[in-house]
Amino acid sequence: MSKSYYLTSPIYYVNDKPHIGHAYTTLACDVLARFKRLDGYAVKFLTGTDEHGQKVEKSAADNNMPPQKFTDEVSQNFRDLTAQLNFSNDDFIRTTEPRHKTTCQHIWQQLIDAGHIYLDSYKGWYAVRDEAYYAESEIIDGKAPSGASVEWVEEPSYFFRLSAFGDKLLAHYEQNPNFIGPTSRRNEVVSFVKSGLHDLSVSRTSFSWGVPVPNDENHVMYVWLDALTNYLTAVGYGDDKNADYAQFWPADLHMVGKDILRFHAIYWPAFLMALNVPLPKRVYAHGWWTNEGQKISKSLGNVIDPVELAKIYGLDQMRYFLLREVPFGNDGDFSHSAMTQRMNGDLANDLGNLCQRVLSMVWKNCTETIPPKPDTFTKADEALLARAYALLDACRKEYDAQQFHTALKTIWEVIADANRYVDEMAPWALRKTDAERMADVLWVLCEVIRVVVILLQPVMPQSCAKLLEQLAVAEDARGFDNLTPAHALTAAKMPTKPEPIFPRYIQEEEEQND
């Protein structure tokens, strides 16, 4: 393969169980990774866990456990989630792994040797929850901008010369307008850098749970220098025997939540500039979910468990909802009524009903066989097929901009066109008057369904596999290189009687009465 694509989720902090926010970020990466694989790319999709720092040390102590045992247990919850939600990550990294410690210390030594790190002392505000330092001007009523409590810290510290990189960062943002998305987040970052950067404390002495600083056993690395380095560890940076770095770096996309954009769009590129390592091509910060209009928090007891959600509604249904309901990059609100509307409207009524009535007509009226491709087409046939074949280019553009909701909306416009075409052509009536034309109409509809379902595989892989099987599309004919008229359906025996894939969701009475 000549085309490579490297994308990463953030690595998740192991001080608690995974929730809908973690699932949302990794899902977006998974869908993009699947899309790129189907489009002929060699893909490396990385996720994992961030396991060092004061917050983890404290959580472990609160649970009366050594930090390593605590992180082993909590990290496993995140690894389990990848299987439970059908994520297709190629690697799962833990920052407590030996390979990561080696990379961190290698990078530290490079930064020291190049004069980018110096020893001094730190005095200032620190939020343990965020593992972040804040300026006096950012503290409001004793809280960080994130709402986290802060404490005054005074200790010896190594510093990274972040102040030397302000102009270089601004020049990079200017020359690469797509480096940060969406635009609103890019503007925030540019404004922050323009306000002036201060050197960054990159080590701590007040706790010991971290990667040891080379040649100074009193210090451990600041958790964000440690954590961000994972993206290089996973491609074997500094390891001459690992070919991944040459193939996959620079990363094509770091997907993050908006709360950690500063670390990824300012600190990380500055570290890489100091190492003379190429910068990632793009950092995209998505929004947060609320639950029925309320901020999600443990204290309110409204944390959404994505595994439970998938059990209630169906895994593919949940995956579809999360990426269709909200413009990606914006904040969104989860509600059970919105979920039900998407399931019953988009999935059961629009796509499900189209597939079921068309495939059932084929089974019943065409001797259980997909009809042969017609010799000639009407203008209505050609128009519908053209719209279907144009979807791939439209979806590529939206996926590359992380506008998953727009790609899905565009696909659903063709599904709506196909449903109108069924009603206008009325194949059930043609059966009595013109059986040959009926077969042609059903072929056009089957071909449109084939194209649509192949394109929906990244979002709903299990459901789409079932539909493509009903259409007698071979497993090796489901890539995007098959989305052309040259690879159109040919007459083929349907393997099984069509079964509905997207049933309507009806709430149980006790749910409705809650």
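Considering Trp125, Trp108, the condition of being of a type outside the set (Asp, Glu) and either open to solvent by 50 Å² or more (accessible area, probe 1.4 Å) or not in a helix (DSSP H, G or I) (or both) is satisfied by Trp125 alone. The set of residues from segment 128-171 being of a type in the set (Gly, Ala, Ser) and open to solvent by 80 Å² or more (accessible area, probe 1.4 Å) comprises just one member, Ser137. Within the set Ala270, Ala251, Ala265, Ala243, the sole residue that is out of contact with any Cys (no Cβ under 7 Å at 6 or more places or on another chain), of a type in the set (A, V, I, L, M, F, W, C) and surrounded by fewer than 17 Cβ atoms within 10 Å (Cβ to Cβ) turns out to be Ala243.
Evaluated against (1) open to solvent by 20 Å² or more (accessible area, probe 1.4 Å); (2) touching a helix residue (DSSP H, G or I) at 6+ places or on another chain (Cβ under 6 Å); (3) among the small types (Gly, Ala, Ser), Ala416 falls short on exactly one condition, (2).
Residues that are among the small types (Gly, Ala, Ser) and in a loop (DSSP other than H, G, I, E, B) within segment 246-274 comprise just one, Ala251. Scanning segment 299-336 for residues that are open to solvent by 70 Å² or more (accessible area, probe 1.4 Å) and over 21 Å from Gln84 (Cβ atoms) yields a count of 4. If you go through segment 373-390 and keep only what is more than 17 Å from Ala491 (Cβ to Cβ), of a type outside the set (Val, Ile, Thr) and in a loop (DSSP other than H, G, I, E, B), you end up with just Ala390. In segment 107-120, the residues that are under 17 Å from Trp224 (Cα atoms) reach residues that are open to solvent by 60 Å² or more (accessible area, probe 1.4 Å) with C-beta atoms within less than 6 angstrom, at least six apart or across chains, in these pairs: His116/Arg161. When the residues of segment 210-245 are filtered to those that are among the hydrophobic types (A, V, I, L, M, F, W, C), modelled with pLDDT of 95 or more and assigned to a loop (DSSP other than H, G, I, E, B), the one that is nearest to Lys69 (Cα to Cα) is Val211.
Taken over segment 277-287, the criterion of being assigned to a loop (DSSP other than H, G, I, E, B), under 20 Å from Lys168 (Cα atoms) and either among the polar types (S, T, N, Q) or touching a strand residue (DSSP E or B) at 6+ places or on another chain (Cβ under 9 Å) (or both) is satisfied by Pro280, Lys281, Arg282. Ala465 passes every criterion in (1) surrounded by fewer than 23 Cβ atoms within 10 Å (Cβ to Cβ); (2) touching a residue at least 60 places away in the same chain (Cβ under 8 Å); (3) of a type in the set (A, V, I, L, M) apart from (2).
Here segment 421-434 is the region considered, the condition is being over 16 Å from Asn353 (Cβ atoms) and free of Cβ contacts under 8 Å to residues at least 12 places away in the same chain, and the residue that is most open to solvent (accessible area, probe 1.4 Å) is Lys432.
Taking the conditions (1) over 28 Å from the mean Cα position of the chain (by Cα); (2) surrounded by 15 or more Cβ atoms within 10 Å (Cβ to Cβ) in turn, His405 satisfies each one other than (1). Taken over segment 102-130, the criterion of being more than 31 Å from the chain's Cα centre (by Cα) and among the polar types (S, T, N, Q) is satisfied by Gln109, Gln110, Ser121. Each residue in segment 183-200 was checked for being open to solvent by less than 30 Å² (accessible area, probe 1.4 Å) and either assigned to a helix (DSSP H, G or I) or modelled with pLDDT under 95 (or both), and 4 of them qualify.
Residue count for segment 349-373 under the criterion of being open to solvent by 10 Å² or more (accessible area, probe 1.4 Å) and of a type outside the set (Asp, Glu): the result is 15.
The values are calculated or read from the model by the stated rules, or taken from the named source; none is laboratory data. Here the structure is a predicted model, which means the values were calculated and not measured. Cβ: placed from backbone, ideal geometry, glycine included. Neighbour counts: every protein chain shown. Keep in mind that these areas ignore ligands, DNA and RNA; they rest on the heavy atoms of the full protein, side chains included. Shrake-Rupley method; radii C 1.70, N 1.55, O 1.52, S 1.80 Å.
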